[in-house]
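Report on the following structure.
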Amino acid sequence: KSDQMLLDGSIRKKMKPYWDALLQAGLIGKKKHRNLLRDHISSNQLKGFIARQIVETGQIMKLVQGFLGERYPETRVLPVKASYSHELRERIGLPKCREANDFHHAHDAFLALEIGRFVQRRHAAMYDNPIGHAQILREYVKKERERLRQAKKPSRYSFIVSSYLTSGYDEETGEFFKDDWSANQAVARLKKCFDYRQCYVSRMPEEGSGAFWDQTIYSPRDASKKMLLPLKKGMAPEKYGSYSREQFAYFFIYRAVKKGKEMLEFVPVPVSIASRVKQCNGALEDFAKELAVKSGSEFLGIERAKIYKYQLMEMEGSRLYLTGKKEARNATQFAFDRREMEIVKALYEGWAVDGILLDELFLRIVETLKRYSPRLFGALDIDDWKDAFFELEQEKRASILKSLIAIGNGKANVADLTEVGGAKFAGQMHPAYGNLLTKDGGITFVDQSITGMFERRTHVGL
């Protein structure tokens, strides 16, 4: 799949005789044949393509509404157009920046809820009596047309959002002319909620599946690769070569004793072993015993049987996501208020931002990392180059800030800090899980509910 709707001309020229033969043999249809050989797209065809995608999205929404209605039969499930939320954000100044953090998902849901409640309160006919609602809309359009004729200025606001921002009574005199809806109070409440710095953020843990190993085959002459994965049973890797690294499904921890000392081993489970575990209850224990024998220790038991990728953990005062056998990412996202979000949005959209505002944002980010993500703060060595940041040009400061935001939110595992004298791959966190579990106080695994509102914490360590 690519973002190109047309095939390259050389491909069309080369394949045309073959496609013609397929068409003649009835193995492809005329529409497929025409699309394969298409060399341009008209404006009408493009409009039709976009319209089909919109219809597709609309059908999905109807299906989800139907599923929710079946799941909660005593609840009324009503759709709210996403355009209403977008328009309301623009009208009252609620910035949205997807790169800043994942809070925008909660904010969008909150806006949809608020607009839905308002529609049920003032325009219930929109759902209960579509014909009557259509009449109200016609009256609105008529009034808008007259107003615009006098103002000579086009309107780009919808009926619902305009109504949301119109009180049902005179807020100065208290005179009622429609209902008790206060637009000022509603807007103030929205702005207050968008300034909150607390949102539940959860991430779905993942179990690897599919191929047992990477498909690259390495020559037996390649001394840089350990020959561990034979191409087939009985084919010695030293003679016939081997596959590259094994793919892992998840991780587990087992307890063992070596030279009289107990230890906890953190080990990845290959996809091939995970497949066997699903079929046989004792397969994981057998795998652990094999590993113990190879390491010269005695297997005692399994401490935690399954730890997924993106498992939330707490260690040494930081919340991290487990992303690899020796890798972790930060799990505490930055929380910005509306003013800070405006600055972050300007950074990512390439707008000019005052240097003082950039410095303020930098200090805010540094403070947050130091307080809530001390492990990442130490890995970035911020104290070593902090002062150099303020001497940079505005464009370079913006680049550093975006790198810090990305790694702080767990979207990246490294940050390029060469502009301030730091490392090119700064911020990498490679916890020694075995040492942490055995010597350094252990690890607390945090299992979250889907919403992130509930947690079960399990400490594992000696």
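The values are calculated or read from the model by the stated rules, or taken from the named source; none is laboratory data. Keep in mind the model is a prediction, meaning the values are calculated, not measured. Virtual Cβ from ideal backbone geometry, glycine too; neighbours counted across all protein chains shown. Side chains are part of the model used for accessible areas, which takes the heavy atoms of the whole protein and leaves out ligands, DNA and RNA. Shrake-Rupley method; radii C 1.70, N 1.55, O 1.52, S 1.80 Å.
To keep it simple, each residue is scored yes or no on (1) in contact with a Phe, Trp or Tyr (Cβ under 9 Å, 6 or more places away or on another chain); (2) open to solvent by 30 Å² or more (accessible area, probe 1.4 Å); (3) modelled with pLDDT of 95 or more.
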site: VAL269; (1), (2), (3): yes, no, no
site: SER272; (1), (2), (3): yes, no, no
site: GLN279; (1), (2), (3): no, yes, no
site: LEU291; (1), (2), (3): yes, yes, no
site: GLY296; (1), (2), (3): no, yes, no
site: GLU316; (1), (2), (3): no, yes, no
site: LEU320; (1), (2), (3): no, no, yes
site: ASN330; (1), (2), (3): yes, no, yes
site: VAL344; (1), (2), (3): yes, no, yes
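Might you check whether a residue that is surrounded by fewer than 17 Cβ atoms within 10 Å (Cβ to Cβ), part of a strand (DSSP E or B) and either among the small types (Gly, Ala, Ser) or modelled with pLDDT under 90 (or both) occurs anywhere in the range 220-230? Checked the range 220-230: at least one residue is surrounded by fewer than 17 Cβ atoms within 10 Å (Cβ to Cβ), part of a strand (DSSP E or B) and either among the small types (Gly, Ala, Ser) or modelled with pLDDT under 90 (or both).
Residues that are part of a helix (DSSP H, G or I) and either touching a Phe, Trp or Tyr at 6+ places or on another chain (Cβ under 8 Å) or modelled with pLDDT under 90 (or both) within the range 85-100 comprise GLU87, LEU88, ARG91, listed in sequence order.
Evaluating VAL446 against the criteria (1) out of contact with any helix residue (DSSP H, G or I) (no Cβ under 8 Å at 6 or more places or on another chain); (2) at pLDDT below 95 leaves one unmet condition, (2).
Filtering the range 422-439 to residues that are open to solvent by 80 Å² or more (accessible area, probe 1.4 Å) and either in contact with a Phe, Trp or Tyr (Cβ under 7 Å, 6 or more places away or on another chain) or without any contact (Cβ under 8 Å) to a residue 24 or more places away in the chain (or both) leaves LYS424, PHE425, LYS439.
Listed here are the residues, each with its yes/no results for (1) modelled with pLDDT of 90 or more; (2) under 28 Å from PHE194 (Cα atoms); (3) open to solvent by 40 Å² or more (accessible area, probe 1.4 Å).
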| position | (1), (2), (3) |
| --- | --- |
| MET15 | yes, no, yes |
| LEU23 | yes, no, yes |
| GLN45 | no, no, yes |
| LEU78 | no, yes, yes |
| ARG117 | yes, yes, yes |
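Selection of the range 440-462 for residues being open to solvent by 30 Å² or more (accessible area, probe 1.4 Å) and not charged (D, E, K, R) yields GLY441, GLN448, SER449, ILE450, THR451, MET453, PHE454, THR458, HIS459, LEU462.
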